[in-house]
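Student: A single structure is presented below for examination.
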Amino acid sequence: MDASRIAKEASHLLPLANRALKKYPFLTREVEHLATHSNVMYRVVTESGRQLVLRVGNPHANTRSNIDFEVAWLDALNAETSIDVVTPIRTAGGGLVVDEFDSDLGKERPCVLFTWVPGAPLGDGAGTFGYRVLGQMSASLQQHGRTWEPPQVGQMRSWDRIFYYGAELDPVIIDDPLYAHLFEAPRRGLVKKAGRIAAKVIRESWAEGIAQVVHGDLHEWNVHVAGSRLYAFDFEDVMIALPAQDVAISLYHSRDSDQRDDIRKAFRRGYEEVAEWPIADESQLDGFHAGRQVMLMNYAARALPIGEAAEYLDHVTPWLHTFVTRYG
């Protein structure tokens, strides 16, 4: 999404954001666009000077039920643990999600107001110490998720297959002729072969492991470092998965980094200070990484502007080729 489109969407959704903020037991002094990813984020300053973040959701990017799971787990983590995680703010009526209707979209957008997360992203360069603390946090979150039971009924998302978002949110377009300019025959064949190998790793791992509630997107860009403390946010992808899969997500972005081995060693050291290491071997970790990459390549081709999609696919294809050469 280019800068002009981001600015236009942020401006368009500002009145909706202000309507949502009226549901909270305080007045706001300032609301400004903060960031746009799949959702639109606004920085909010209350009349008392408190700084918060309002997330205006995209109903095409997540299910309403998964957002309920997200805020319920965050509420429990804040009440029952000392882990530094973002806190969802309750409305005057006690709710954690505000649904506001977007007339242009023809659907309600789920809005959640969060506490401000201090510090800067771990991915900005906190060094191996930061990854050690991330490992500790990963294991600690998993410890709580292992026994936490959601208060509401419904089916939480599960990483028991490659395309775990489901056809409604993430239709598979790799074989679609409309996207043949991005998935030409050689790349399409590579992606499908990698997918078959990764799917086998997922099936075999699920047959032997015990799935549980996990963050589902805990990586260096979804945690901030402030001093020597780490703060986690973006729990929107909370899911049922194996602890090993959750760890694989945390290590995904470093899979082709020059610092990969140092990052893995630091993360594992921190994790093992809390729990037993869940990864069986390197082939399992690579299999989970390949499955995630296939899913993200499908998403990028479908959702990004053509130039950005092509650049992303060109960037990640070499790693996938290495994976298939090694395990295929």
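Values in this text are rule-based calculations from the coordinates and carry no lab data. None of the values given here were measured: they were computed from a predicted structure. Every residue, glycine among them, receives a Cβ derived from its backbone with ideal geometry; neighbour counts consider all protein chains shown.
Student: Roughly how far apart, in whole Å, are the Cα centres of region 205-281 and region 23-47?
Tutor: 29
Student: At q = 0.25, 0.27 Å⁻¹, what is the log10 ratio I(q)/I(0) for region 1-77, with the Debye formula run over Cα points and no solvent?
Tutor: -1.23, -1.27
Student: Return an integer: the convex hull volume of the alpha-carbon atoms of region 52-98, in Å³ per residue.
Tutor: Values: hull volume 4.3 nm³, N = 47.
Convex hull of Cα atoms, per residue: 91 Å³.
Student: Using the membrane-span-like helix rule (whole DSSP H runs, Cα extent along the own axis of at least 27 Å, mean Kyte-Doolittle hydropathy at least -1.0), which helices of the chain qualify?
Tutor: Numbers: long enough: 127-147 (32 Å, -0.49); 185-208 (35 Å, -0.44); 282-303 (31 Å, -0.32); 306-327 (30 Å, -0.10).
Passing helices, by number: 127-147, 185-208, 282-303, 306-327.
Student: Please report, in whole Å³, the volume per residue of the convex hull around the C-alpha atoms of the chain. List each step's numbers first, then the result.
Tutor: Values: hull volume 46.9 nm³, N = 328.
Each residue corresponds to 143 Å³ of Cα convex hull volume.
Student: First obtain the Kirkwood hydrodynamic radius of region 31-151 from its Cα pairs, then insert it into the Stokes-Einstein equation at 4 °C and 1.567 mPa s, and state the resulting D in µm² per second as a whole number.
Tutor: Values: Rh = 16.2 Å.
The Stokes-Einstein estimate is 80 µm²/s.
Student: Rounded to the nearest 20 Debye, what is the dipole magnitude of the chain about its Cα centre when Lys and Arg each give +1 and Asp and Glu each give -1 at the C-beta? Kindly include the intermediate steps, with their values, before the conclusion.
Tutor: On the way: 34 positive and 44 negative charges, 23 e Å.
The dipole of the chain has a size of about 120 debye.
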